[in-house]
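K.L.:
Below you will find the structure I want to go over with you.
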Amino acid sequence: MSEEILINVTPRETRVALLENGVLQEIFIERARRRGLVGNIYKGKVCRVLPGMQAAFVEIGLERAAFLHASDIMPRLPGNGEADAGGVEDIGSLLREGQEITVQVIKDPLGTKGARLTTQATIPSRYLVFIPRVTNVGISQKIESEEERIRLRDLIQLFMSEDESGGYIARTAAEGASAEALRADMIFLRKLWASISEAEVTTKAGSAVYEDLPLSIRVMRDLLDDQIEKIRIDSRESYQRVMQFAEQFM
């Protein structure tokens, strides 16, 4: 069986086709104007704290300030602030105006509302989601087989290093994935998070630290395996980005 990936890039959209023995199997289309902000990570600056709403507005370089609720702020160690009746720390003990903070978009702007943010980043790969600064291992609820859930959990824990900087969630696509594939995903995620952490140090407030991968790069992450014999790209710029990504992370 021979598989091939074709990537066609225009200013308006990117199209990716997966061929098997010359026969089209799947096609993916991403339109430039419809690329959302969800998943993007920004270095922001708190511009307003609203104790009555238990929320804050954060400037991240967009047209409107983004919204961050206290419940979307990564919990701190016990004793570092007072919690309200719902178990959420008081926003005034978590943030102050002018404070720089790294956030991830979890909901795109809509109408007059700005983007919604969280301080707990999540970084997806083909089979896993990496969650920095936690040590848990979770399994998608859609994987119903208890035997498979145990297998995935054991493999992930086996490949986690002693100085691991985060935890993992096995996505639904991980069901049946080989140990080698899971390990490769974990290596990819560690490299990607290290790159994001380095960029975070030098990025100025109001700028993007990391933007979700475009379709041409996600194809490399999600489709590339030993079955793929060729990848054809009709854009020199996209080709260079794909090569740089492959050399750095794969």
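The values are calculated or read from the model by the stated rules, or taken from the named source; none is laboratory data. Computed from a prediction, not measured in an experiment: that's the story for all the values here. Here the Cβ positions follow ideal geometry from the backbone for every residue, glycine too, while neighbour counts run over all protein chains shown. For the accessible areas, the whole protein counts, side chains as well, though only heavy atoms, and no ligand, DNA or RNA atoms are used. Shrake-Rupley method; radii C 1.70, N 1.55, O 1.52, S 1.80 Å.
K.L.:
Have a look at 177, 65, 129 and report the one farthest towards the positive end of the charge dipole of the chain, computed about the Cα centre with Cβ charges (Lys/Arg +1, Asp/Glu -1).
P.N.:
Checked the options; the winner is 65.
K.L.:
So, one more: Under a 5 Å amide H to amide H cut-off, with H placed in plane at 1.01 Å, what residues pair with residue 40 once short-range neighbours are removed?
P.N.:
It is 105, 212, by chain and number.
K.L.:
So if we plug the beta-carbon distance of residue 112 and residue 141 into 1/(1 + (r/R0)^6) with R0 = 35 Å, what FRET efficiency do we get, rounded to 0.05?
P.N.:
Once the sixth-power term is evaluated, E becomes 0.50.
K.L.:
A further question on this structure: Taking θ = phi - 60°, what integer Hz values does the Karplus form 6.51 cos²θ - 1.76 cosθ + 1.60 yield along the stretch 190-204, in sequence order, with x for Gly and Pro?
P.N.:
5, 5, 5, 5, 4, 5, 5, 5, 5, 5, 4, 5, 9, 6, 7
K.L.:
Spelling out what I want: for every residue of the stretch 94-103, take phi, set θ = phi - 60°, compute 6.51 cos²θ - 1.76 cosθ + 1.60 (Karplus), and round to whole Hz; glycine and proline get x.
P.N.:
Those phi angles translate into 9, 9, 9, 4, x, 6, 8, 8, 9, 9 Hz.
K.L.:
In addition: Which whole-number value in Å² is the accessible area per residue of the chain, probe 1.4 Å?
P.N.:
About 58 Å² of surface per residue is accessible.
K.L.:
For a quick check of understanding: with a 1.4 angstrom probe and all protein chains in place, what accessible area in square angstrom does residue 239 have, to the nearest ten?
P.N.:
We get 110 Å² for residue 239.
K.L.:
Once the other residues with Cβ under 9 Å from the Cβ of residue 230 are scored (Lys, Arg +1; Asp, Glu -1), what is the net sum?
P.N.:
Here the count lands on -2.
K.L.:
Another question about this same structure. From a point 7 Å beyond the Cα of residue 225 in the direction of its Cβ, which residues of the stretch 1-20 have a backbone N at a distance under 20 Å?
P.N.:
Residues 1-7, 16-20 qualify, since their backbone N sits under 20 Å from the label point.
K.L.:
Under a point-charge model restricted to the Cβ atoms of Lys and Arg (+1) and Asp and Glu (-1), what is the dipole moment magnitude of the stretch 134-183 relative to its Cα centre, in debye to the nearest 20?
P.N.:
180
K.L.:
Moving to a separate point now. Report, for the stretch 120-240, the % of DSSP beta bridges that are antiparallel, rounded to 5.
P.N.:
70
K.L.:
Would you mind checking which residues have amide H under 5 Å from residue 206's amide H? H placed 1.01 Å from N; only 5 or more apart, or other chain.
P.N.:
Long-range HN contacts for residue 206: 43, 44, 45.
K.L.:
Let me ask another. Within the set 45/113; 43/113; 191/230; 43/142; 45/107, which residue pairs have Cα atoms separated by over 23 Å?
P.N.:
191/230; 43/142
K.L.:
Let me ask something else about it. Leaving ligands, DNA and RNA out of it, report the carbon-plus-sulfur percent of the accessible area of the stretch 95-250 at a 1.4 Å probe.
P.N.:
Ligands and nucleic acids excluded, carbon and sulfur reach 47 percent.
K.L.:
Rounded to the nearest 20 Debye, what is the dipole magnitude of the stretch 18-73 about its Cα centre when Lys and Arg each give +1 and Asp and Glu each give -1 at the C-beta?
P.N.:
For this selection, approximately 340 debye.
K.L.:
Next question. Which whole-Hz couplings ³J(HN,Hα) result when phi for each residue of the stretch 127-143 is put into the Karplus expression 6.51 cos²θ - 1.76 cosθ + 1.60, θ = phi - 60°, listed in order with x for Gly and Pro?
P.N.:
10, 10, 10, 9, 10, x, 6, 10, 10, 6, 10, x, 10, 3, 5, 6, 8
K.L.:
In the stretch 1-63, carbon and sulfur make up what percent of the accessible area (probe 1.4 Å)?
P.N.:
In the stretch 1-63, the share of accessible area belonging to carbon and sulfur is 49 percent.
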